[in-house]
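Coordinate-derived values only; no laboratory data. Fair warning: this is a prediction, and the values are worked out from it, not measured in the lab. Positions of Cβ are backbone-derived with ideal geometry, glycine not excepted, and every protein chain shown enters the neighbour counts.
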Amino acid sequence: MREQGEQGEQGEAASGVSLERGAKFQSVDLTSVDRMGDARSPLLLRMEALWQSTLHWQPDERQQTQLQQLYAFTLAGNRQFNLTRITEPEEFWEKHLWDSLRGVRRFLEAGGRLRRERSVERGQKAEGAEEAGEADKTQNSSYSSLLSPLSSLKIIDIGTGAGFPGLPVAIAQPNWSITLLDATRKKITFIDQVLIQLGLANATTLVERVEQVGQQKHQRETYDLALIRAVAAAPVCAEYALPLLKIGGSAVLYRGQWTDAETAALESAIAALGGKIDAIEAFTTPLTQGDRHCIYVKKIAPTPNEFPRAIGIPAQKPLGS
Ligand code: SAM
């Protein structure tokens, strides 16, 4: 794995090979997986203090159980499908669960603030949030006022792979509605089983190339948030994500290292797509201090119809280069 996500798995989709439509694929049976006690799926640490100090959020009992089950199912699916190299419990917690949710922290926080204000209005004691323990540096940190977890946000996770960041987000925010998109059928087949086993009714899946989805009338400009981790270079991710967003919506680009040159290339690409960089957050992961950046791109104008370009073109000829 590269520092951020598992770039090596871009495989079929990124290289322009067609979907496995009609191809034979094995279905995965997760019904017999021992969700909690399997010796091969050790217990995740609960990490209450770290969730609280870094995200100002903690899973409730049901969410904790779902995260544990997600871990057990990922290990089981991995034995069949080679979904991820991240299998140790601490690593899974940090690189898949925490990392997935860290990207949407600013939207979780907006809700926390709103909830606190509302409870103060009702004369109740406001919950005090602890200070974040992580090293965290935000440029242009204007938090979005349009997006509140109290409303039902429509989200797409582009190139979700084995379900990251989308599955942890669906678990953490049951009132958000999440589409998990990937061009690789076996990964979506796995996720479909996980959704059933976890009883996650707020997520659906789509097996398709994002270049095609972005040109579909019923998909284009319909999402509040687009999440994209370890799929392609940032200008390519922007071309995938911006056409799918409503005006005022945001794309979250999950990155590892990030340079000023990448900011310049991204700015030049998103100028053509109707976007602007809203914020760049630099931080380190809480267990192993890996470098991370989240780039928030806000859609401020309609994306011209020519984008996204035909399958494979965004990756072959990235905008702005
Ligand atoms: N987001 C996940 C994560 O961070 O663990 C998976 C990352 S994996 C390296 C990249 C995924 O993006 C692969 O599953 C691949 O099939 C998918 N992908 C790449 N290009 C795509 C495209 N144009 N349309 C749809 N899916 C794509």
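For the range 42-103, the average shadow cast by the Cα convex hull is 4.1 nm², which is a quarter of the hull's surface.
Using only alpha carbon pairs under 8 Å that are at least six residues apart, calculate the relative contact order of the range 173-321 and give it in whole percent. Numbers along the way, then the final one.
Details: 267 pairs, mean separation 33.7, N = 149.
After rounding, I find 23 percent.
Among residues other than S100 with Cβ under 12 Å from its Cβ, the summed charge is +2 (Lys and Arg +1, Asp and Glu -1). With a cut-off of 12 Å between beta carbons, the residues surrounding P174 carry a summed charge of 0, where Lys and Arg count +1 and Asp and Glu -1.
Sorting 238-250, 62-74, 299-311 by average packing, meaning the other beta carbons within 10 Å per residue, from highest down gives 238-250, 62-74, 299-311.
Between beta-carbons, use under 13 Å as the cut-off and find the net charge around I191, counting Lys and Arg +1, Asp and Glu -1.
Values: positive: R185, K186, K187; negative: D157, D182, D192.
With Lys, Arg at +1 and Asp, Glu at -1, the neighbours total 0.
The charge dipole of the range 196-296, taken about the Cα centre with unit charges on the Cβ atoms of Lys, Arg (+1) and Asp, Glu (-1), comes to about 280 debye, rounded to the nearest 20.
Computed extension gain for R85 through E267, at 0.36 nm per residue and net of the alpha carbon distance, reaches 62.3 nm. Computed over the range 155-245, the P(r) curve from all C-alpha pair distances, binned at 10 Å from the origin, holds 18, 54, 26, 1 percent per bin. Altogether, the Stokes-Einstein calculation at 20 °C and 1.002 mPa s, with the Kirkwood radius of the range 259-314 over Cα pairs as Rh, returns a diffusion coefficient of 163 µm²/s.
The simple spin-label model puts a point 7 Å past each Cα toward its Cβ; for N78 and Q215 those points are separated by 3.8 nm.
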